[in-house]
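The values are calculated or read from the model by the stated rules, or taken from the named source; none is laboratory data. What you see is a predicted model; the values in this text were computed from it and never measured. Don't worry about glycine lacking a Cβ; one is built from the backbone with ideal geometry, like all the others, and counts go over all protein chains shown. We work out accessible area using only protein heavy atoms, side chains counted, and drop any ligands, DNA or RNA first. Shrake-Rupley method; radii C 1.70, N 1.55, O 1.52, S 1.80 Å.
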There are 4 protein chains.
Amino acid sequence: MTATRFFSDNAARVHPRVMAALEAANAVDTAYDGDALSQRLDDAFSHVFDTRVEAIWVATGTAANAIALAHFARQWQGVLCHREAHIEVDECGAPAMYSGGAKLMLLKGEGAKITPEAVSERLAAIRPDVHQVQAAAISITNATEYGLAWRPDEVASIGDVGREHGLNLHMDGARFANAAAHTGFSPAELTWRAGVDALSFGFVKNGGMNAEALVFFNGCGGAGVRELRKRGGHLQSKGRFAAAQLLAMIENDLWLTNARAANAGAKLIAEAAGDRLLHPVEANEVFIRLSATEAASLRSLGFDFYDWGQMSEEGGAARLVTSWDQDAEAVAPLAKALAAL
Amino acid sequence: MTATRFFSDNAARVHPRVMAALEAANAVDTAYDGDALSQRLDDAFSHVFDTRVEAIWVATGTAANAIALAHFARQWQGVLCHREAHIEVDECGAPAMYSGGAKLMLLKGEGAKITPEAVSERLAAIRPDVHQVQAAAISITNATEYGLAWRPDEVASIGDVGREHGLNLHMDGARFANAAAHTGFSPAELTWRAGVDALSFGFVKNGGMNAEALVFFNGCGGAGVRELRKRGGHLQSKGRFAAAQLLAMIENDLWLTNARAANAGAKLIAEAAGDRLLHPVEANEVFIRLSATEAASLRSLGFDFYDWGQMSEEGGAARLVTSWDQDAEAVAPLAKALAAL
Amino acid sequence: MTATRFFSDNAARVHPRVMAALEAANAVDTAYDGDALSQRLDDAFSHVFDTRVEAIWVATGTAANAIALAHFARQWQGVLCHREAHIEVDECGAPAMYSGGAKLMLLKGEGAKITPEAVSERLAAIRPDVHQVQAAAISITNATEYGLAWRPDEVASIGDVGREHGLNLHMDGARFANAAAHTGFSPAELTWRAGVDALSFGFVKNGGMNAEALVFFNGCGGAGVRELRKRGGHLQSKGRFAAAQLLAMIENDLWLTNARAANAGAKLIAEAAGDRLLHPVEANEVFIRLSATEAASLRSLGFDFYDWGQMSEEGGAARLVTSWDQDAEAVAPLAKALAAL
Amino acid sequence: MTATRFFSDNAARVHPRVMAALEAANAVDTAYDGDALSQRLDDAFSHVFDTRVEAIWVATGTAANAIALAHFARQWQGVLCHREAHIEVDECGAPAMYSGGAKLMLLKGEGAKITPEAVSERLAAIRPDVHQVQAAAISITNATEYGLAWRPDEVASIGDVGREHGLNLHMDGARFANAAAHTGFSPAELTWRAGVDALSFGFVKNGGMNAEALVFFNGCGGAGVRELRKRGGHLQSKGRFAAAQLLAMIENDLWLTNARAANAGAKLIAEAAGDRLLHPVEANEVFIRLSATEAASLRSLGFDFYDWGQMSEEGGAARLVTSWDQDAEAVAPLAKALAAL
């Protein structure tokens, strides 16, 4: 299916080394997060990020995001984010449930990337009184919902504005691996060195099964985080299997290897798409102009992808996502078909 | 470790057939719950329960309980349960978060089993006005937190009182398999035929990895259930791996086979414990009187278990739990050591 | 102060007949809403609206709005409203607290008035799945935050779109009286006949002290409404004083008389403002272009008003609000000063 | 009605001086809590309590309690209180709504008074892990739901246990005035000097109309308190009328004068009740044994009161409450009737 499945990296297979890690974890027998694997997470992620971090496993990116935001924002506060951010558009209001009703405060920005100017402008427009919801945090997505990667200086420009106003900075890194692989910057440079306080570090789209990491920098975790995880029903009794996945993904940089493969596939598709491209391809997502007829034509060849908005004869758009098992070689048939349209 | 691990069935291994099912599910490639495995759940569980049900996977029993109760009770309502119920004592208030603050209304009862009399008495004491929280549901645990199994007539006695007052009945079945195996009654008899509207059907303690089923009877599911799952961050993107576990557990009655093995182990321990027994053993949990010295003695032999409350020289109590891989043969060393105390 | 106070109708005096009603209510002695005055509300408001309604008192418009929206929208649902709606901008997230986290879904529109097209477009953009928050209700403000009055056909155009999608329609009528007085349409025509299911009927800005009415049409009230009021701490033990205010305001159409006076004052100011006017004046609010110097000049004469956004030498805007005790005669000095600028 | 109304002090008249204060406040014209009266509250209450306090008005005791508890307890935490506390029994779960689901953790105790031993025992039983809800605060009611007054040393004994565990202490003082009047201790001695961090200081039952004070000691107020008030819809736009009531009540110790009168009435009734008394009378509530026949007999004489639980021929109980306008002289007819039973 690697030749034809482009509708979501959520649908990809679990990497064999992750499967092997699950098998190995079956020998461990401690409950919740008291096991040796879960206990290793802080150290293992501290190594990845070159600083002391607090790292916990959760089952989904939605849970990671919601816990982080509820940790930073009280119910009467708000979180600035792009109006097309996953937390706003695709999580059924999870941050509101976890926080007890904190408000997402929406900003515009090209390619789902917010700007420090937009943040400043929005903050300036909030009267500092109790009638208006005051911002407590900013959330950005890296890579963005349109597959754009953030550079450290861009992240820092947001982090700086936030810090001036006492806001925490959260990064939804469902595709953090792809962004890091594309930019070549280190995990540290892309996060805490640029002002990030918490990262939802995605692994499921990148070869994992059902474990994501929620990583806190700058001592921003602590009281409340694990309570929110438990309260959300995310403290798995056999948590060792979640920890095992995360450890397998970061050992020997499997997360980067996988992301590089997916990115390479996306790059080849992008080249084939030529001027159909709607956004620069800086991760593993390719957004292209595509008419209904062209879409049907590709689908008749077996290629599966996601319409992006309404399709019509005159035009339309599609999203094509590559996964860790879809490197340049694997996506060659699609690239060829696209070029032939 | 099967000879020495008695502190929790949460710590047990995943059954090989579940591991195999995960391996097999890796070939499937649809996201969220759109895959063929997830789509089979309603049919598969309808077969188990001999009626049309709605069944969804979630990662934990806490999530299953919280979703079910939030589905039944609005934020201003309440849920009657035993004061030692898991939802009250061990879930960090999850039902309150999911429901927006519904109240758990606590009842007494021997062995963590509530009685229809206690339910009636409590309901009679609630003034029917807006000052007092009105009950919307009842939740019972089967097997109870002390390892007691409910008989269908007992369940029905609770269901009947509830129905008279328009309350839904939820069953926390983290160890439903053990209860069913002990009593010999069918899943249908123990649930909807006795008035149960929703069951948190546990598999993790019984050989699964990280998937439980939330099953709705009598058409009591529907709008809100899947929204709550998503909102709680429990709609896994690779949900096929959750579905695969559940299907593996109910195929060929693996859930019953596993539960019978664990129950047999518990029974042997109970026999060895003799008059140390604090509760009848009707599932896979054994509560015994044990002094601090005796506890230390058992632990020096490698046996691992959970103190139940304060231990002292004069007395104390311990909880010993068997798992699917701890049948009578596996627990013989413990039984022998107990008898020798 | 009637000659100089224009910053808010919230600051106006309580009407003498309301004060008299409070005095009279002191003779009544039943608690909560069991008193004869509170019990008369349904009938009295049914008379005003020419249909059977359910009417309760609350202390503030924020409470009325939050209860209505929490009644219509479950925590995982949303409410469409203008992005400058009071519920979004000035209530510190009250609807989210009362509903357990329902989302406000923001629309644009001239003068803070949403259009059926904007509603339709937004609804069409919501994917009907559990990832996205589904709309449950629409809320409009009449008069709008910029003092525009809705005509019945305009309301109905929103109500119609809503009804097609199964949404309830709420009207924030903090200045409903002013809108009704301006348009000349009856309360019935402006509400339930045009599809409104609930009205936050404001009296405090119009001569009351601390009582607003929350009115449900079409049988849309019922279970949950009074529970939410109590749970929000809004069931006053001496509720008779709230009821007395509402009854005083609707007896002999005092609410209309007061609104007409305020509207007349606003109209005179608008005429004096000439082409400074930023919005048509259809209620008791006047928005005008005003430079910092001009603002200072008016203030030096004693006039008190609210800057609307940033003021500068080049320009700026101000909001002037008239109250029930500021009819045309009372505002003549301001009109004169404005004309003289 | 002062001779016959004994069902609730909630039903009593508003004191003439409070009415006069409302009339006077009508001349003030600033919105929300920016007016001179509201701005005087901190000073005025600081004077009453002989220390620097933060004091805000709210409409009801339920709102005061809910805001205080939500301020002290995060959603995943709990508040220890008596199982018959008003916050548990009579507020439709308001603390849970305001806090986002914090749990009330119930204790027993004679006359609705909790003991330090009960608090300690409960705290000791909570495992310090994320599975169990951890306590964040303790709430006591003074006078209790059964009309018992707390002495400073009793309050301090609770406060001490709380402080050892890092818990805040809240006092629901719906009838604080009656308790203070009975004991003769100063407001300071009964509150912050004994470890109280927040007091819901009730005035409505004691001659006010619809304003209670929420008072924070020890710098325990601050960020969040006013946001919660606004979010709950309790920031009244004409807040000056709330402030005026509170100021009228504390000026010249009207609150104490009123409470003494009510207490004197209750005391006379208690003496007449003799051995019918179920609880010592230390405030303005009298609980007596009364059979259904006796209750009917008293009611036939016009006396109105509240059955306390089920009434029968064999027995039953009644609650009789006096108000500020029911001093010893006013209640003489009831005392006579009681004695004559």
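Within segment B:3-20, take every residue that is in a loop (DSSP other than H, G, I, E, B) and at the interface with chain A (Cβ under 9 Å from one of its Cβ atoms) and give me the one that is most open to solvent (accessible area, probe 1.4 Å).
Among those that are in a loop (DSSP other than H, G, I, E, B) and at the interface with chain A (Cβ under 9 Å from one of its Cβ atoms), it is B:13.
Let me spell it out: the conditions are (1) away from chain A (no Cβ under 14 Å); (2) over 20 Å from residue B:321 (Cα atoms); (3) at pLDDT below 95, and residue B:223 meets all of them except one. Which number is the exception?
Here residue B:223 clears every test but (1).
Residue-wise test of (1) touching a Leu at 6+ places or on another chain (Cβ under 7 Å); (2) of a type outside the set (Ser, Thr, Tyr); (3) over 30 Å from residue B:41 (Cβ atoms).
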residue: B:263; (1), (2), (3): no, yes, no
residue: B:269; (1), (2), (3): yes, yes, yes
residue: B:288; (1), (2), (3): yes, yes, yes
residue: B:298; (1), (2), (3): no, yes, yes
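If residue A:59 meets every condition in (1) more than 7 Å from chain B (Cβ to nearest Cβ); (2) of a type in the set (A, V, I, L, M); (3) farther than 22 Å from residue A:194 by Cα; (4) open to solvent by less than 10 Å² (accessible area, probe 1.4 Å) apart from one, which number is that one?
(1)
Pick from segment C:78-121 the residues that are basic (Lys, Arg) and within 17 Å of the chain's Cα centre (by Cα): which of them is farthest from residue A:73 (Cα to Cα)?
This residue is C:113.
Any idea how many residues of segment C:320-341 are under 30 Å from residue C:253 (Cα atoms) and either open to solvent by less than 20 Å² (accessible area, probe 1.4 Å) or in contact (Cβ under 8 Å) with a residue 40 or more places away in the chain (or both)?
Final tally of qualifying residues: 15.
If residue B:126 passes every condition in (1) over 30 Å from residue A:224 (Cα atoms); (2) open to solvent by 10 Å² or more (accessible area, probe 1.4 Å); (3) within 20 Å of the chain's Cα centre (by Cα) but one, which one does it miss?
(3)
Filtering segment D:82-91 down to residues that are closer than 16 Å to residue B:129 by Cβ and open to solvent by 10 Å² or more (accessible area, probe 1.4 Å), which residue is nearest to the other protein chains (Cβ to nearest Cβ)?
Looking at residues that are closer than 16 Å to residue B:129 by Cβ and open to solvent by 10 Å² or more (accessible area, probe 1.4 Å), I get D:90.
Counting only residues that are among the basic types (Lys, Arg) and touching a residue at least 60 places away in the same chain (Cβ under 8 Å), how many does segment C:269-316 have?
Going through segment C:269-316 one residue at a time, the tally reaches 1.
When you scan segment B:95-107, do you find a residue that is within 14 Å of chain C (Cβ to nearest Cβ), among the hydroxyl-bearing types (Ser, Thr, Tyr) and not in a strand (DSSP E or B), even just one?
Yes.
Each row is one residue, and each column tells you yes or no for (1) over 23 Å from residue C:101 (Cα atoms); (2) buried (at least 24 other Cβ atoms within 10 Å of the Cβ); (3) touching a residue at least 60 places away in the same chain (Cβ under 8 Å); (4) small (Gly, Ala, Ser).
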| residue | (1), (2), (3), (4) |
| --- | --- |
| A:73 | no, yes, yes, yes |
| A:93 | no, yes, no, yes |
| A:96 | no, yes, no, yes |
| A:101 | no, yes, no, yes |
| A:122 | no, no, no, no |
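For (1) open to solvent by 10 Å² or more (accessible area, probe 1.4 Å); (2) small (Gly, Ala, Ser); (3) in contact with a Ser or Thr (Cβ under 8 Å, 6 or more places away or on another chain), each residue gets a yes or a no:
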| residue | (1), (2), (3) |
| --- | --- |
| A:34 | yes, yes, no |
| A:39 | yes, no, no |
| A:51 | yes, no, no |
| A:54 | yes, no, no |
| A:63 | no, yes, no |
| A:66 | no, yes, yes |
| A:70 | no, yes, yes |
| A:76 | yes, no, no |
| A:80 | no, no, yes |
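Just one of (1) within 11 Å of chain C (Cβ to nearest Cβ); (2) in contact with a strand residue (DSSP E or B) (Cβ under 8 Å, 6 or more places away or on another chain) trips up residue D:42, so point out which.
Tallying (1) within 11 Å of chain C (Cβ to nearest Cβ); (2) in contact with a strand residue (DSSP E or B) (Cβ under 8 Å, 6 or more places away or on another chain), residue D:42 fails exactly one: (1).
Can you name every residue in segment D:138-187 that is outside any helix (DSSP H, G or I), farther than 22 Å from residue D:262 by Cβ and in contact with a helix residue (DSSP H, G or I) (Cβ under 9 Å, 6 or more places away or on another chain)?
Correct list: D:138, D:139, D:165, D:167, D:168, D:169, D:170.
Working only within segment C:13-36, note down all residues that are closer than 23 Å to residue D:239 by Cα and hydrophobic (A, V, I, L, M, F, W, C).
Within segment C:13-36, C:14, C:18, C:19, C:20, C:21, C:22, C:24, C:25, C:31 qualify.
Could you tell me whether segment D:310-318 includes any residue that is assigned to a strand (DSSP E or B) and open to solvent by less than 10 Å² (accessible area, probe 1.4 Å)?
yes
Please count how many residues of segment A:292-309 are aromatic (Phe, Trp, Tyr), under 21 Å from residue A:332 (Cα atoms) and open to solvent by 50 Å² or more (accessible area, probe 1.4 Å).
1
Regarding residue B:257, is this residue within 19 Å of the chain's Cα centre (by Cα) and open to solvent by 10 Å² or more (accessible area, probe 1.4 Å)?
yes
What number of residues within segment A:62-81 are more than 14 Å from chain D (Cβ to nearest Cβ) and assigned to a loop (DSSP other than H, G, I, E, B)?
Of the residues in segment A:62-81, 0 are more than 14 Å from chain D (Cβ to nearest Cβ) and assigned to a loop (DSSP other than H, G, I, E, B).
In this structure, is residue B:31 at pLDDT below 95 and within 14 Å of chain C (Cβ to nearest Cβ)?
For residue B:31, the condition - at pLDDT below 95 and within 14 Å of chain C (Cβ to nearest Cβ) - is met.
Looking at B:186, B:157, B:237, which is the one that is closer than 20 Å to residue B:57 by Cβ and of a type in the set (S, T, N, Q)?
B:237
Going by the conditions given, is residue D:23 in a helix (DSSP H, G or I) and either among the basic types (Lys, Arg) or surrounded by fewer than 20 Cβ atoms within 10 Å (Cβ to Cβ) (or both)?
yes
Within segment C:233-249, identify whether any single residue is of a type in the set (Lys, Arg), crowded, with 24+ Cβ neighbours inside 10 Å and more than 20 Å from the chain's Cα centre (by Cα), and answer yes or no.
Yes, segment C:233-249 has at least one match.
Checking residue C:159 against (1) open to solvent by less than 10 Å² (accessible area, probe 1.4 Å); (2) under 16 Å from the mean Cα position of the chain (by Cα), only one condition comes out false. Which one?
Exception for residue C:159: condition (2).
Within segment D:203-224, does at least one residue satisfy the condition of being of a type in the set (A, V, I, L, M, F, W, C) and open to solvent by 10 Å² or more (accessible area, probe 1.4 Å)?
yes
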